Amino acid sequence: MTKGKTAIITGASSGIGQATAKELAAKGYHVLLAARREDRLVELKKEIEAAGGTADYKVTDVTSADQMKALAEAGLEKNGTIDVLVNNAGLMPLSFMNKLKVDEWDKMIDVNIKGVLYGIAAVLPIMEKQKSGHILNISSVAGHTIFKGSAVYSGTKFAVRAISDGLRQEIDPSDEIRVTIVSPGAVETELTNTITDEDIMTAFKEGKPMEMLKAQDIANAISYAVEQPAHVDVNEILIRPRQQP
Ligand code: NDP
């Protein structure tokens, strides 16, 4: 049981972020929940507290560097340390390039790449001062392989892996700061709700059915990485449903 440590989770209002918040709270972390939908954060805080954990929330848009900084500062002020950041917020409006969904390309770059960078910018100075901390960035199997319709989404998730490993290599070896990439395959969440390209939705529906991962499976992987002793840095976890090619 980890006591007295604080974990910030972005995208905590749904799916993987929500499951991770509950899991880390159950492990004894004080969790600071971040997302834009306040009603969901309020509900999650209540649920975590009813289960015996502790949580706060702050409505945060990860595409704002200022809001991300304010989130980290609020956590630090209340709890004294920021021990874990899970940069999880993300969007996946897959589309074929020739549909020219430029607004969706922009949104993915803003949330999936800049959001991760702003999270790093918000906590890195704090963790360097503490000389400890753990940053986990959620990439994807799509950050390893590209398929038709995933060009921009994959681009953002490849970027997350590049940024994460670059950061990991630059950490001062005398600091106990760890960086982990988590790359899930298909997980049953609300992520596909952002897809507006009807051809992609048709291709999805025509695909072979399979048993997808649950958000809890990814929460378990994140929990495994953060619970390792300080000398162990789990660099990356690549996790697919058994039936996913
Ligand atoms: P969900 O759609 O269930 O959750 C996405 C979360 O991101 C929501 O909590 C949403 O909160 C948050 N979010 C989106 N935009 C912003 C923003 N601008 N500021 C703050 N929060 C934001 O999807 P998942 O749980 O599946 O996705 C979580 C991560 O996992 C993503 O990075 C995704 O790319 C990655 N992933 C998911 C896979 C899957 O199959 N589901 C596979 C591989 C990776 P709100 O709208 O309230 O702001």
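Using a simple charge model, +1 on the beta-carbon of Lys and Arg, -1 on the beta-carbon of Asp and Glu, nothing else, what dipole does segment 49-177 show about its Cα centre, in debye to the nearest 20?
Working: 13 positive and 17 negative charges, 117 e Å.
Approximately 560 debye in magnitude.
Beyond 25 Å, what percent of the Cα pairs of the chain remain? Cα-Cα pairs of the chain separated by over 25 Å account for 38 percent. A Förster radius of 30 Å combined with the Cβ-Cβ distance from residue 228 to residue 70 puts the calculated FRET efficiency at roughly 0.50.
Report the convex hull volume per residue for segment 28-138, counting only C-alpha atoms, in Å³. Kindly include the intermediate steps, with their values, before the conclusion.
Numbers: hull volume 12.2 nm³, N = 111.
Measuring per residue, one finds 110 Å³ for the Cα hull of segment 28-138.
Dividing the alpha-carbon radius of gyration of segment 114-166 by the rule-of-thumb value 2.2 N^0.38 Å gives 1.33.
Working from label points 7 Å from Cα in the Cα-to-Cβ sense, the residue 51 to residue 210 distance is 2.7 nm. Only Cα sites of segment 11-69 enter the Debye sum here, all with the same form factor; the resulting log10 I(q)/I(0) across q = 0.13, 0.27 1/Å is -0.29, -1.06, listed in q order. Between residue 196 and residue 106, the distance separating the two model label sites (each 7 Å from Cα on the Cα→Cβ line) works out to 1.1 nm. Size descriptors for segment 82-173 (Cα atoms only): Rg and Dmax, in that order, 14.5, 48 Å. Across segment 1-152, Cα pairs under 8 Å and at least six residues apart give a relative contact order of 24 percent.
Placing dummy labels 7 Å off each Cα toward the beta-carbon, the span from residue 39 to residue 144 is 3.8 nm.
Over all Cα atoms in segment 147-245, the spread is summed up by Rg and Dmax: 16.4, 52 Å.
By Kyte-Doolittle mean hydropathy of at least 0.0 and Cα axial length of at least 15 Å, which whole DSSP H helices of the chain are selected? Walk me through the intermediate numbers first.
Details: long enough: 15-26 (17 Å, 0.26); 38-50 (18 Å, -0.90); 65-79 (21 Å, -0.60); 115-130 (23 Å, 0.99); 151-170 (28 Å, -0.15); 215-226 (17 Å, 0.65).
Result, helices passing both filters: 15-26, 115-130, 215-226.
Taken as Cα centroids, segment 121-145 and segment 1-56 sit 18 Å apart, rounded to the nearest whole angstrom. Taking each DSSP H run with n ≥ 4 as -39500 (n - 2.57) and averaging over every residue of the chain yields -13500 deg cm²/dmol at 222 nm.
Computed from the coordinates by the stated procedures, all read-outs in this text should not be read as laboratory data. Everything numeric in this text was worked out from a predicted model, so none of it was measured. Using ideal geometry, Cβ is built from the backbone for each residue, glycine included, and neighbour counts are taken over all protein chains shown.
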